[in-house]
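Report on the following structure.
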Amino acid sequence: MSDLLSLSHVSKIYRQGGMLSRRQITAVRDVSLTLGEEPEILSIVGESGSGKSTIASMILGQTAPTSGALNFRGMPVAIHGRSDRRAFMREVQPVLQNPFEAFNPLKRVDRYLFETARNFAPDGNRPSRTEVERMADNALAHIGLTLAEVKGRFPHELSGGQLQRTAIARALIPQPRLLVADEPVSMVDASLRMAIVNLFGQLKKELGLSIIYITHDLATAYYISDRIIIMKKGEIVEQGGARAVLDNPQHPYSRALKEAVLSASPDMEPASLA
Ligand SMILES: Nc1ncnc2c1ncn2[C@@H]1O[C@H](COP(=O)(O)OP(=O)(O)O)[C@@H](O)[C@H]1O
Ligand SMILES: [Mg+2]
């Protein structure tokens, strides 16, 4: 059985300050990882600037690696032509960090759902209004909202939590196989974070989705992940099952993770054991 996603010795060097500058930043260095066919939540954890978003962007085909290879279902993740790109995006969808930036404040949020439904309608047919609304409502049902609740609303008329749920629902419309969620709860109230992150566990079970959950929030990563990768300065410094990383942290950052988790709530178990 081939891997769903594989990164093999992926590096990304940014040149800063224009063409003539020699200043280089190695954002990602020699990262290898795989996701198998089995639905899985993989967290990529690391402090700001450790290269997490660069990895997300390369997995989404938005940034080309400087070296190394990224494959999805055995095919290179490249900056494809339009129709290839759409086929790829049908399977791999982003969830963005800040819903207040992802949604234009002057545009009703249902428009985003409808546009995505039109773009990714089955067989490329132009779907009817009813069909588009049905696709949006279906996706919203998975995250505990209904179309009636968001229809006609502007972003500021929804709470941060509702808006981020709507963003996740939008990503579900193409019925993807993989979500890449880059800091999806960092702008959401701390009290709501766990509820949103728990949705990921539910989506994995109900829809057979795999999720790459990128965060610097150590506690949520621990509770929700099957596997954790810890990054520092562009490199993977530790990886393994959520429980294994927590029980036997090798790296100072992993030890900080352990402390954060233990102080957050002593009686919760990681998702993989639940
Ligand atoms: N487009 C870019 N051009 C130049 N440098 C970048 C660019 N994007 C990210 N970087 C740099 O690469 C490093 C990793 O950034 P990033 O992947 O955003 O990390 P993280 O998401 O973990 O905070 C940082 O030093 C950042 O300044
Ligand atoms: Mg980032």
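Here the accessible area is traced with a 1.4 Å probe on the protein chains. For the range 1-147, carbon and sulfur cover 50 percent of it.
When shorter helices are ignored and each DSSP H run of at least 4 residues is given -39500 (n - 2.57), the per-residue value for the chain at 222 nm works out to -11500 deg cm²/dmol. Here's the list of aspartates and glutamates a cross-link from Lys233 could span, going by alpha-carbon distance under 12 Å and ignoring same-chain residues fewer than 8 apart: Asp30, Glu47. Run down the lysines and flag those whose C-alpha is under 28 Å from the C-alpha of Lys151, throwing out any fewer than 8 positions away in its chain. Lys151 reaches Lys107, Lys204, Lys205. Note on the chain: with a GNM built from Cα contacts shorter than 10 Å, the maximum mean-square fluctuation among Ser50, Ser263, Ser254 falls on Ser263. May I ask for the longest run of the chain untouched by trypsin sites (Lys or Arg not before Pro) that are loop-located per DSSP and have at most 16 neighbouring C-beta atoms (other than their own) within 10 Å? Longest gap between qualifying sites, sites excluded: 154-232.
Considering only protein heavy atoms, what per residue accessible area in square angstrom results for the range 122-173 with a 1.4 angstrom probe?
48
The apolar share of the surface of the range 151-210, taken as the fraction of accessible area on carbon and sulfur atoms (1.4 Å probe, ligands and nucleic acids excluded), comes to 46 percent. Averaged per residue, the range 1-94 has 53 square angstrom of accessible surface, using a 1.4 angstrom probe with ligands and nucleic acids left out.
How do Met187, Met89 stack up against each other in accessible area, from largest to smallest, with a 1.4 angstrom probe?
Met187, Met89
What number, in nm² with one decimal, is the all-direction average of the projected area of the convex hull of the alpha-carbon atoms of the range 113-255? Before the final figure, lay out the partial values.
Numbers: hull surface 39.9 nm².
Quarter of the Cα hull surface area: 10.0 nm².
Between Ala56, Ala141, Ala181, the residue with the greatest mean-square fluctuation in the GNM of the chain (Cα pairs under 10 Å linked by springs) is Ala141.
The values are calculated or read from the model by the stated rules, or taken from the named source; none is laboratory data. If you're wondering where the values come from, they're calculated on a predicted model, not measured in any experiment. Ideal geometry is used to build each Cβ from the backbone, glycine not excepted, and the neighbour counts take in all protein chains shown. Ligands, DNA and RNA are stripped out before the accessible areas are found, and what is left, the full protein with its side chains, is counted by its heavy atoms. Shrake-Rupley method; radii C 1.70, N 1.55, O 1.52, S 1.80 Å.
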